[in-house]
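Working notes, structure below.
The values are calculated or read from the model by the stated rules, or taken from the named source; none is laboratory data. All values reported here derive from a predicted model rather than from experimental measurement. Cβ placement follows ideal geometry from the backbone for every residue including glycine, while neighbour counts extend to all protein chains displayed.
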Amino acid sequence: MADTLTLLEQVEAPWKADLRGHFASASGIPPYEAVRRQFDRAADLMGLDSDVRKILSTTMNEIVVHFPVRLDDGHVAMFTGYRVQHNNALGPFKGGLRYHASLELDEVRALAAWMTWKTAIARIPFGGAKGGVQFDPSRYSRAELERITRRFCYALGQNIGPEYDIPAPDVNTNAQIMAWILDTYLSTMSPHDRQRGMHVVTGKPVESGGSLGREKATGQGIVFLIQRWAKEAGLDLACATFLVQGYGNVGSWAARLLARSGAKLIAVEDVTGAIRDPDGIDTEQLAEHVGRHGGVAGFAPGVDHETFLSTHADIFIPAAMANQITAATAPLLDVTLVAEGANGPTDPDGDTVLARRGIHVIPDILCNSGGVIVSYFEWLQNKQGDYWELEEVDRKLQAKITAAYDRVRDMAQRRNVDWRTAAYIVALSHLEAVYKERGIFP
Ligand code: NAD
């Protein structure tokens, strides 16, 4: 691990961001337990078919791999990687890869299940999966990260594939990681088949077959939904204020795009700390600062975690890790809307507090689906060998994600339930219909 800091200067900010350890520590209900409770609540309310319920309440495949990688100092270290495939009734498994020191199997199960619901709500022909490697990437050089990524891909072998299971970026992974996976996967294919493997990952660099608009897609989707919600709630975004937790891919794009509506970012928190400025924080300059320094700390006056969470604003966008809004922290929030960019930022106890306090939530499985929607567009473009203009990608994203929003809003009104439960009912009804049509083999 020699020269870690020097080499870290050459790679993108997220690697560096974890250097100082977690700022906002997560407690609350473990994510897979949260999924079970959310699932059970919706399944009970809608009277989900008992056979379909059994199928969807468990994962299909759980792959755990242990693999060796030679480090820069010559030693070999062992790494543990995961890929959990929750369900593929609607199409190939789909979901991101996360690099994080605290990643473990139960969390990956939760993240995989959320992907199944997300793709069903968005009506895209993918199933749900998630994976990653349990390690802190900020402690490794760029060359080590490349070897860890390639060896992880090799260890997964035929458990991923362009028509079977398609990874994408998530926390601490990005387009560069996807390019290494693509190259490794193609290198292990027969030369005759190589051109048929381009869509084994999405979120690739544009030059390597990625889609225009994929990098910003999750943030863009969040902003399309906030705009729709604001219109219906009568909130003028030009006069609105917002908070963001996490200034990586999702948080920084959501902030920059929302700021273009005139809304003012007044506080941000990431792994390096929290900053606040009631006069407004320049979202573009902050992104440059994070690129240079690895985090938001130092850009504006610092505040502690509780002060950040209790800042009065119209909108809060959690875009970092799970379990940030819990029974302990939900009472602190002083906002009208929580637009969930992260996966699982609110646990079921946090949900109860938000509902009691009348704080509206656009749930993760709807709110952050812009990423997987544009991943689907990338996959289609790779298969067709035909690449779309950015305007076309954005237009199609807006159409798909707002249709999903309308489905969830209408379900919430029809059943008089909160939006997370409504989103689950939309997803489970779709999957139930598919299972009933096809039956259970044999
Ligand atoms: P990223 O690695 O680009 O950024 C993560 C951000 O979270 C960084 O700013 C980091 O400093 C911050 N962070 C990490 N731990 C923190 C903590 N304990 N307290 C405060 N801040 C912390 O990751 P990303 O791709 O932006 O993903 C963020 C969230 O969005 C994750 O929950 C991910 O699953 C979800 N998500 C991502 C995508 C995508 O397309 N990348 C799509 C859907 C959902």
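Looking at Ile222, Ile226, Ile315, Ile266, which is the one that is within 14 Å of the ligand (Cβ to nearest atom) and either of a type in the set (A, V, I, L, M) or touching a Gly at 6+ places or on another chain (Cβ under 6 Å) (or both)? So the residue among Ile222, Ile226, Ile315, Ile266 that is within 14 Å of the ligand (Cβ to nearest atom) and either of a type in the set (A, V, I, L, M) or touching a Gly at 6+ places or on another chain (Cβ under 6 Å) (or both) is Ile222. Residues in segment 276-288 that are away from the ligand (no atom under 12 Å from the Cβ) and under 23 Å from the mean Cα position of the chain (by Cα) were compared, and the one that is surrounded by the most Cβ atoms within 10 Å (Cβ to Cβ) is Thr283. The condition of being within 24 Å of the chain's Cα centre (by Cα) and modelled with pLDDT of 95 or more holds for only one of Arg420, Arg415, that being Arg420. Of the residues making up segment 80-114, those that are in contact with a Lys or Arg (Cβ under 7 Å, 6 or more places away or on another chain) and more than 16 Å from the ligand (Cβ to nearest atom) number 0.
Against the numbered list (1) over 21 Å from Arg395 (Cβ atoms); (2) more than 16 Å from the ligand (Cβ to nearest atom); (3) among the basic types (Lys, Arg), Lys231 comes up short only at (1). Restricting attention to segment 191-213 and to residues that are in a loop (DSSP other than H, G, I, E, B) and β-branched (Val, Ile, Thr), the residue that is farthest from the ligand (Cβ to nearest atom) turns out to be Val201.
What's the total number of residues in segment 349-384 that are small (Gly, Ala, Ser), in contact (Cβ under 8 Å) with a residue 24 or more places away in the chain and surrounded by fewer than 23 Cβ atoms within 10 Å (Cβ to Cβ)? Total satisfying the criteria: 1.
Number of residues in segment 158-180 that are outside any strand (DSSP E or B), more than 15 Å from the ligand (Cβ to nearest atom) and touching a residue at least 12 places away in the same chain (Cβ under 8 Å) equals 7.
In this structure, Ala263 does not qualify as at pLDDT 95 or above and within 28 Å of Leu380 (Cβ to Cβ).
If the condition is being within 17 Å of Gly341 (Cβ to Cβ) and part of a loop (DSSP other than H, G, I, E, B), then segment 214-243 contributes Arg214, Glu215, Lys216, Ala240.
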